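For reference, the structure discussed in these notes is given below.
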Amino acid sequence: KAGLKKTRRNMSDSLHRMLHSFTRIDEDLFEELEELLVMGDVGVSTAEHICDILRGKVKERGIKDPNAIFDLLRETVAEMLQGGEELHISTKPSVILVIGVNGVGKTTTIGKMAALLQKQGKKVILAAADTFRAAAIEQLQVWADRAGCDMVSQSEGSDPAAVVFDTISAAKSRGNDVIICDTAGRLHTKKNLMDELAKINRVIDRELPDADKEVLLVLDATTGQNGVNQAREFKNAAGITGIVLTKLDGTAKGGVVLAIKDVLDIPVKFVGVGEQLDDLQPFDADDFARALFE
Ligand code: GDP
């Protein structure tokens, strides 16, 4: 996978070199391995967790060759990342609420996701519920045009929950399959932002009580462990069902995916690997582990 070239170059190459320098599997090896994982932005507690699992597997299977650690690591990481990757959007309509701080790639991701779903034959409609900035509404319209889907908006400063309400009504009458809601990435205070998201959530739950709903948090992979902190902040307030990790093409920090799954138990559903319409990939744990440790 092209998107992971940098992470792979960093982690895999040094890992191979490191493993070659050992003649047996001992605590020094695990210590160096932990350090390498932390440098790949896996995070300290997750790196420790991975090493613990590896120690157990080495003992259980009677493994002696240090180079065997590489395959073991890939297997362990794949197991760790598995579960919850698929998007649940079977009802008509379904809702995907997209949240995240400004600059992480939220608008771009919504455009790419809309294009992907439209390609799968689903009729998508966007709700321009980031009413805090006029530019956000304009940018989303550009992506709606690119993806070839509808969009509902009001003027800057209007009530985001009202935009979502309008979009749901439009979706019901036009027969849309999926509603994707943009949201503000920053308001005057964090409390305002969380209150706004809660209000939008209430409107969705009231108007579409039986609909499938995904709440996707968009995180910028280049910010590394900072992404884990953002996920932690949003997790309780917004009931996140999945992560979209963007800009994996531009970073050596792909390991952050592991930290998010391990520490916060939130599945990654998509990864962004570029700025174009088709640069969004559904997340696949096996592929990702293979790409990370090749
Ligand atoms: P928003 O403020 O969260 O809505 O962020 P935008 O969608 O406007 O994106 C911010 C910048 O990140 C833009 O320049 C995008 O082209 C860029 N971007 C978004 N996703 C990706 C990605 O997966 N890879 C790369 N390289 N750039 C991305």
**Message:** Suppose we filter 83, 103, 43, 62 for residues that are within 16 Å of the ligand (Cβ to nearest atom) and on the phi > 0 side of the Ramachandran plot; which single one remains?
**Reply:** 103
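From the list 200, 179, 260, which one is part of a helix (DSSP H, G or I) and either in contact with a Cys (Cβ under 8 Å, 6 or more places away or on another chain) or closer than 22 Å to residue 142 by Cα (or both)?
On the way: 179 fails: part of a helix (DSSP H, G or I); 260 fails: either in contact with a Cys (Cβ under 8 Å, 6 or more places away or on another chain) or closer than 22 Å to residue 142 by Cα (or both).
So the residue among 200, 179, 260 that is part of a helix (DSSP H, G or I) and either in contact with a Cys (Cβ under 8 Å, 6 or more places away or on another chain) or closer than 22 Å to residue 142 by Cα (or both) is 200.
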**Prompt:** Do we have any residue at all in the range 90-100 that's within 16 Å of the ligand (Cβ to nearest atom) and within 18 Å of residue 256 (Cα to Cα)?
**Reply:** yes
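Going by the structure shown, is residue 283 within 16 Å of the ligand (Cβ to nearest atom) and among the aromatic types (Phe, Trp, Tyr)?
So residue 283 fits the description; yes.
Scanning the range 182-197 for residues that are without any contact (Cβ under 8 Å) to a residue 24 or more places away in the chain and assigned to a helix (DSSP H, G or I), which turns out surrounded by the most Cβ atoms within 10 Å (Cβ to Cβ)?
Taking the range 182-197 as the starting set, the residues that turn out to be without any contact (Cβ under 8 Å) to a residue 24 or more places away in the chain are 188-189, 191-193, 195.
Within this subset, residues satisfying the condition of being assigned to a helix (DSSP H, G or I) are 191-193, 195.
Details: 191: 10, 192: 13, 193: 22, 195: 13.
Selected residue: 193.
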**Any hit, the range 129-144, residues being part of a helix (DSSP H, G or I), under 21 Å from residue 175 (Cβ atoms) and among the aliphatic types (A, V, I, L, M)** = yes
**Complete:** Out of (1) surrounded by 24 or more Cβ atoms within 10 Å (Cβ to Cβ); (2) assigned to a loop (DSSP other than H, G, I, E, B), the one residue 278 does not meet is (1)
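In this structure, is residue 63 at pLDDT 95 or above, under 20 Å from residue 286 (Cα atoms) and of a type in the set (Val, Ile, Thr)?
On the way: at pLDDT 95 or above: yes; under 20 Å from residue 286 (Cα atoms): no; of a type in the set (Val, Ile, Thr): yes.
The answer is no for residue 63.
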**Request:** Name every residue in the range 110-132 that is more than 14 Å from residue 178 (Cβ to Cβ), of a type outside the set (D, E, K, R), at pLDDT 95 or above and within 12 Å of the ligand (Cβ to nearest atom), in order of residue number.
**Result:** 128
**Asked** Here is a list of conditions, (1) within 15 Å of the ligand (Cβ to nearest atom); (2) under 21 Å from residue 94 (Cα atoms); (3) part of a helix (DSSP H, G or I), and residue 217 meets all of them except one; can you say which number that is?
**Response** (3)
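Yes/no matrix, rows are residues, columns are (1) of a type in the set (Lys, Arg); (2) surrounded by 13 or more Cβ atoms within 10 Å (Cβ to Cβ); (3) modelled with pLDDT of 90 or more; (4) touching a Lys or Arg at 6+ places or on another chain (Cβ under 9 Å):
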| site | (1), (2), (3), (4) |
| --- | --- |
| 2 | no, no, no, no |
| 28 | no, no, yes, no |
| 34 | no, yes, yes, no |
| 37 | no, yes, yes, no |
| 46 | no, yes, yes, yes |
**Message:** Need pairs with beta-carbon distance below 8 Å; first residue closer than 21 Å to residue 42 by Cβ and among the small types (Gly, Ala, Ser) and within the range 262-282, second within 13 Å of the ligand (Cβ to nearest atom) and part of a loop (DSSP other than H, G, I, E, B); sequence gap 6+ or separate chains.
**Reply:** 272/105; 272/247; 272/279
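Going by what's in this entry, would residue 230 be described as in a helix (DSSP H, G or I), at pLDDT below 95 and touching a strand residue (DSSP E or B) at 6+ places or on another chain (Cβ under 7 Å)?
Values: in a helix (DSSP H, G or I): yes; at pLDDT below 95: yes; touching a strand residue (DSSP E or B) at 6+ places or on another chain (Cβ under 7 Å): yes.
Criteria met by residue 230.
Does any residue of the range 133-151 turn out to be on the phi > 0 side of the Ramachandran plot and either surrounded by fewer than 19 Cβ atoms within 10 Å (Cβ to Cβ) or more than 16 Å from the ligand (Cβ to nearest atom) (or both)?
Our first condition is that a residue be on the phi > 0 side of the Ramachandran plot; within the range 133-151, this holds for 148.
Imposing the further condition that a residue be either surrounded by fewer than 19 Cβ atoms within 10 Å (Cβ to Cβ) or more than 16 Å from the ligand (Cβ to nearest atom) (or both) reduces the set to 148.
Yes, the conditions are met somewhere in the range 133-151.
Condition check ((1) assigned to a helix (DSSP H, G or I); (2) touching an Asp or Glu at 6+ places or on another chain (Cβ under 8 Å); (3) in contact (Cβ under 8 Å) with a residue 60 or more places away in the chain; (4) away from the ligand (no atom under 15 Å from the Cβ)) across all residues:
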site	(1), (2), (3), (4)
211	no, no, yes, yes
235	yes, no, no, yes
290	yes, no, yes, yes
294	no, no, yes, yes
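The values are calculated or read from the model by the stated rules, or taken from the named source; none is laboratory data. Here the structure is a predicted model, which means the values were calculated and not measured. Virtual Cβ from ideal backbone geometry, glycine too; neighbours counted across all protein chains shown.
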